[in-house]
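**Q** Pasting a structure here, questions to come.
Any read-out appearing in this document is the output of simple, stated calculations on the displayed coordinates, not a laboratory observation. In this text the structure is predicted, and so the values were computed from the model without any measurement. Every residue, glycine among them, receives a Cβ derived from its backbone with ideal geometry; neighbour counts consider all protein chains shown.
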Ligand code: IFM
C-alpha cells in the first residue's frame, strides 16, 4: 500500500508573489501593491512589482512544470487584475492573461486549480472598509461569478480563500501583512466573519454555475502530533489542536483551524472558551452561518510545522515536548516536524469527515547557485522525504488524502521577507529572471513518477 493510484501531485503559487506586471494592461492596485511600497514593511523594501515576472514568463514556468511531470498547478487569480476597482468594470486584458495561463496548462496536460483569493484585495475595496465592510463579501461573490462563468468549460477545481488566519491575523492583528491596519479584537472577528461569508457565497455561486466542480478552501493553523500512531487518537492531541490557549500564552492565537473550519463545515463557531473571539460569536446572524456552511468537497491544509506531544512520564495523557537546543529548523527558523504531516490530515479528517488535500507544504532554504551552475538543495529534499513519508503513512492508514501541492513552484515574493526566503523547487535569479530547477525539482519528479512508492 502507498499513495492511492489516483493521487494528484502538484505545485502551488500565488498571484502577487509571482506575477509582477503590477501596473500593466489595466490592472487595478491591490493592498499589497500599496503596503509593499510603504517604508519598513518588507525586507529591504522589496515589492512585487516584477516578482518572478510570471505575467510575461508563465510559458517558461509551465514548460518546467511539464518537464518535472507535475500534472496539477494551484495558482491564484489577482482580483484587481480582472476587476480593477473590486466591483463593476471587468478588465478584459486581465482575464485574457488567465485565459492564456489556463490554456497553457491544459495543452501541457496540467490541471489548473484556481484559488480565488490569496490576499491581494483590491485597494479600492480597502478604501471602502475592506473586510470590515460586509459588502466586500458580496463583491467577492460577484468576482467568483465572473471567474466561474468565464472558466466553467475549462476549470472545475477551485479554492475560495487562502488562509484567513493570515488575512485577518497578520493583516489586522500583528500588522505584518497588508493592509497593516490594526483592529480591535471585536472588529477583527467581524472582518473574519465577512471573509467566511465571502467563502460561503462563492461556494454557492461556483456550485450553481459548475455543478460537477470540486470546491475547497485552504486553511492553516496549530496542529499537534506525536510519534506514537495509536489506533485511538489521544484526546490531548485533539485538545491541543482545536482549543485556543489564553492569548497571553500564545502570541499566534489566530493561527487555528477551528475558527475557519467549524463554521464552514459544522455551521457554527467553535466552543473554545479561551479564544478572544468567543464573546462575539453569539452576535452572528444564524442565516449567515447557513451561507458559510455550504457543502464543500475537500479541506485544503497548508502544513509547515506542528507541536510535538509526548506521553506524560506518569499517568495517562500527553504534554508538549520540550524543544532541545539546536532542534531542526528551516532558513526561516520554522521547526522541522514531519510527524505533523501524518497527524494533521488525520486530526482534520477525524473532526470534519471530509477528504483532505495538502494545498501547501515546503521549506525555505538559503539556496544559491553553486560553482557547477546548479542549485543543490539537499536540505529541502531531506525535509520533503520526511514529510511525504509521513503523508504516505496517513494514506496507508486510510486517511483520504487526495493531493499534495508543493509550496512553491518557483522562489517568489515571500511577503514581509521579500525575496530573502526561497521556497521554490525552481530557483529564481532575480537579477535577470532566469529559472534553474533545483535538485529538489528533479527529486520531486522521481517521486511523482513512482507515485511516492520509494518514500
Ligand atoms: O508564501 C506563503 C504563502 O503565500 C501562504 N502560506 C505560507 C507560505 C510560506 O510562508
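**Q** Would you mind calculating the gained length between residue 420 and residue 453 on full extension (0.36 nm times residue separation, minus the Cα-Cα distance), in nm to one decimal?
**A** Gain on stretching residue 420 to residue 453: 8.5 nm.
**Q** For a test of the definition: using alpha carbon positions, the gyration tensor, and the 1.5 limit on a/c, classify the chain as rounded, prolate or oblate.
**A** Rounded is the answer for the chain, as its axis ratio a/c remains below 1.5.
**Q** Answer rounded, prolate or oblate for region 197-345, using the Cα gyration tensor with square roots of eigenvalues a ≥ b ≥ c: rounded when a/c is under 1.5, else prolate when a/b is larger than b/c, else oblate.
**A** Numbers: a/c = 2.11, a/b = 1.68, b/c = 1.26.
Cα axes put region 197-345 in the prolate bin.
**Q** Report for the chain the percent antiparallel among DSSP-assigned beta bridges with both residues inside it, nearest 5.
**A** 20 percent
**Q** So if we plug the beta-carbon distance of residue 181 and residue 396 into 1/(1 + (r/R0)^6) with R0 = 41 Å, what FRET efficiency do we get, rounded to 0.05?
**A** Numbers: r = 46 Å, r/R0 = 1.12.
Efficiency, rounded to the nearest 0.05: 0.35.
**Q** In addition: What distance in nm lies between label points placed 7 Å from Cα along the C-beta direction at residue 247 and residue 44?
**A** In this crude label model, residue 247 to residue 44 measures out at 3.6 nm.
**Q** Follow-up. Helix-only mean residue ellipticity at 222 nm, the chain, DSSP H runs n ≥ 4 weighted -39,500 (n - 2.57), per residue, nearest 500. What is it?
**A** -10500 deg cm²/dmol
**Q** Compute the distance in nm between two label points, each set 7 Å from the Cα along the Cα-to-Cβ direction, one at residue 350 and one at residue 174.
**A** 2.9 nm
**Q** Next up: With the crude spin-label approximation of a point 7 Å out along Cα→Cβ, what separation in nm comes out for residue 334 versus residue 212?
**A** Once both label points are built, they end up 3.6 nm from each other.
**Q** A further question follows. First measure r as the distance between the Cβ atoms of residue 327 and residue 366, then evaluate 1/(1 + (r/R0)^6) with R0 = 22 Å and state the FRET efficiency to the nearest 0.05.
**A** Calculated value: 0.75.
**Q** Right, next: Residue 103 to residue 134: FRET efficiency via 1/(1 + (r/R0)^6), r the Cβ-Cβ distance, R0 35 Å, to the nearest 0.05?
**A** 0.45
**Q** Going by Cα centres, region 153-167 and region 380-445 are how many Å apart?
**A** Spelled out, the Cα-based centre of one part sits 19 Å from the other.
**Q** Gap in Å between the Cα centre of region 217-285 and the Cα centre of region 297-341?
**A** Going from one Cα centre to the other spans 16 Å.
**Q** Is the shape of region 124-237 best called rounded, prolate or oblate, per the rule: a/c under 1.5 gives rounded, else a/b larger than b/c gives prolate, else oblate, with a ≥ b ≥ c the square roots of the Cα gyration tensor eigenvalues?
**A** Working: a/c = 2.64, a/b = 1.14, b/c = 2.31.
Verdict is oblate for region 124-237.
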